[in-house]
1. How many residues are touching a helix residue (DSSP H, G or I) at 6+ places or on another chain (Cβ under 6 Å) and closer than 14 Å to SER121 by Cα when one looks only at region 195-215?
2. Among the residues of region 191-221, what is the count of those that are surrounded by fewer than 21 Cβ atoms within 10 Å (Cβ to Cβ), part of a loop (DSSP other than H, G, I, E, B) and either charged (D, E, K, R) or in contact (Cβ under 8 Å) with a residue 60 or more places away in the chain (or both)?
3. Wholly within region 1-115, which strands (runs of 3 or more DSSP E) include no fewer than the required count, namely at least 3 residues that are surrounded by fewer than 16 Cβ atoms within 10 Å (Cβ to Cβ) and more than 17 Å from the chain's Cα centre (by Cα)?
4. Could you say which residue among GLU251, GLU234 is crowded, with 20+ Cβ neighbours inside 10 Å, out of contact with any Gly (no Cβ under 9 Å at 6 or more places or on another chain) and assigned by TED's automatic domain parsing to the domain that holds ILE149?
5. Give just the number: which of (1) under 18 Å from the mean Cα position of the chain (by Cα); (2) farther than 28 Å from ILE108 by Cβ does GLY174 not satisfy?
6. Which residues, taken from region 306-326, are in a helix (DSSP H, G or I) and touching a Lys or Arg at 6+ places or on another chain (Cβ under 9 Å)?
Amino acid sequence: MNISQNNNSQPVIKCDSVYKIFGSNAKKLLDQSEGIVDSQKFQEAGCIVGVNDASFEVNKGEMLVVMGLSGSGKSTLLRCVSRLTEATSGKIFIDGEDLLAMNSKRLIELRRNKMGMVFQSFALLPHKTVLENIAFPLQIKGSSTHESIKKALEMVELVGLKGRENYFPRELSGGQQQRVGIARSLAVEPDIWFLDEPFSALDPLIRKEMQDEFLRLQDVLNKTIMFVTHDFDEALRLADRIAIMKDGIIEQLDTPDNIVLNPATEYVRKFTEDVPREKVLRIDSIMDPYDPNISSSINIANNAIIETVAEKILHSKESITVIDNKNNPIGSLNPSKVIKILFGDKI
């Protein structure tokens, strides 16, 4: 699936027809298939299709959430883009540089200086303190002890662990341990951040807190992020865009509101049918063009989530003017349309 971008600058991540097939004769079978990969036929031939013809771009500062059920290929795609797993075929570019053509030395340099990774398992060093765990990758990179500790202290404060810098991992809760993992990853100041199910091992309350913290960090740091999850609610909360995968194929890649309003396939529709639309849709995704002939005493921001302004809309007996962040009118909204989108045939 190819996704065009409005941004004309070079994407930070660019994938062209990436395939990952597991099996001893994978490359031969892929070459013979001429790009038309049938997962069932490949499985009968002793191969497993991990990623099937993935093409997409991620722009600077964007958070692309890759989601799907277990076995959909989402983690395999992430590992291909970070080259922890070698793609069977295709092209992957990082800031315009061919990732698959890099030698080992250049790849190590790229990972140390440009990439950060956080996984589901915290993988903290049990005999090192919080501060030492965070400073460790900086010391590997060649920073002095003084510099690495100074940076680690900044990261401790950033992720809200001040006062626990001398604790050992066993003395921390799961959410606190995950914060250490995030701080350790951020310490090297990566431009690109890969996160694979980082919150899935946490209980629901801590998970929600970590999502809030993650959004706060992204607002401050503006990283380019690929974030893998199997949780659609999490994807909706975090993503600028969502890629939904099934059997290695990207079924749809779009903004959260477009995926909910316009599912591209039956599989995507089933994913979205139980989503409370008021929690996802922004006003600008459902507004009508601005009509200066229609006067309104009520204004609503175009980027507001419907849930936050629903009461105001549903109690209005007139069309509502939608305004941008400079208070310019850019659209109109009829309360009856909102009711139909939210409740459909249920009323």
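The values are calculated or read from the model by the stated rules, or taken from the named source; none is laboratory data. Since this is a predicted model, take the numbers as computed values, not measurements. Neighbour counts are summed over all protein chains in view; Cβ atoms, including those assigned to glycine, are modelled from backbone coordinates with ideal geometry.
1. Looking only at that region, the number is 3.
2. Residues in region 191-221 being surrounded by fewer than 21 Cβ atoms within 10 Å (Cβ to Cβ), part of a loop (DSSP other than H, G, I, E, B) and either charged (D, E, K, R) or in contact (Cβ under 8 Å) with a residue 60 or more places away in the chain (or both): 5 in total.
3. Passing ranges, in order: 13-22.
4. GLU234
5. (1)
6. Scanning region 306-326 gives ILE306, GLU307.
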